[in-house]
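Okay, so here's the structure we're looking at.
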Amino acid sequence: MKLLGAIVAGGAARRFGADKGAALLGGVALIDHVARALAAQCDDVVIVGREWRELPCIADRPKGGEGPLGGLNAALHHAATQGYDAVLCAGCDTLPVPHDLAARLGSGPAVVEGHWLMGLWPAALAEDLDRWLGCQPDRSIRGWMRHSGAHMVPVEAHLHNINTRQALEEAESEFRPSRG
């Protein structure tokens, strides 16, 4: 399966109060942690909703401000047009990304229980998500999960959802970056 890794990073980070993707955890930017983890499992990695160093950037679809589904939609369309079978998606603020996430999620659609943006989505869902966003006032990822039949997969590891400075401090006290 040809897999595209997508980091959704277009949010305003209001609760964090600064650019959370650039915030350092163990001396490494959050986005870079996620990019490394996805690169180890995917054929290519893109960032959605912002620019970041050498990563290819794609814009939210159909426009900015659609929330996480706008990022996922952009990634699915990019994957579909570039010949990928599926998208392994993660936000820039949930760590650590399991090293075997793609294998755990199977063929998708599937998400990590409690971390619904972290998931595996077949590229064939691109047009369906376009239609969903075009007619649904509900922009919740849970609504899309129900519509698409995504199943939730438990992950035993403790994942940090870093939406505040306090959450970053808590993650820092527990996080041990891998060497190598």
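A few remarks follow.
- Among beta bridges from DSSP that stay inside the chain, the antiparallel ones total about 45%.
- Calculation over all alpha carbon pairs of segment 3-174 in 5 angstrom steps from 0 returns a P(r) of 1, 9, 19, 23, 22, 15, 7, 2, 0 percent.
- Under DSSP loop assignment and at most 15 Cβ neighbours within 10 Å, longest trypsin sites (Lys or Arg not before Pro)-free interval of the chain: 64-138
- Globularity index of segment 45-128, i.e. its alpha-carbon radius of gyration over 2.2 N^0.38 Å: 1.03
- Global form of segment 105-166, assessed from the alpha-carbon gyration tensor, a/c cut-off 1.5: oblate
- Pairwise centroid distance, computed over Cα atoms, of segment 142-160 with segment 37-110, Å: 15
- Cβ-derived FRET efficiency at R0 25 Å, H151 paired with R53, nearest 0.05: 0.15
- Structure remark: mean-square fluctuation, Gaussian network model of the chain, C-alpha springs under 10 Å; the largest value among G70, G91, G106 belongs to G106.
- Gaussian network model of the chain, Cα within-10 Å springs - most flexible of G71, G134, G114: G134
Read the figures in this text as sums done on the coordinates, not as results from a lab. Quantities reported herein were computed from a predicted structural model and do not represent experimental measurements. With ideal geometry, Cβ positions are generated from the backbone for all residues, glycine too; neighbour counts draw on all protein chains shown.
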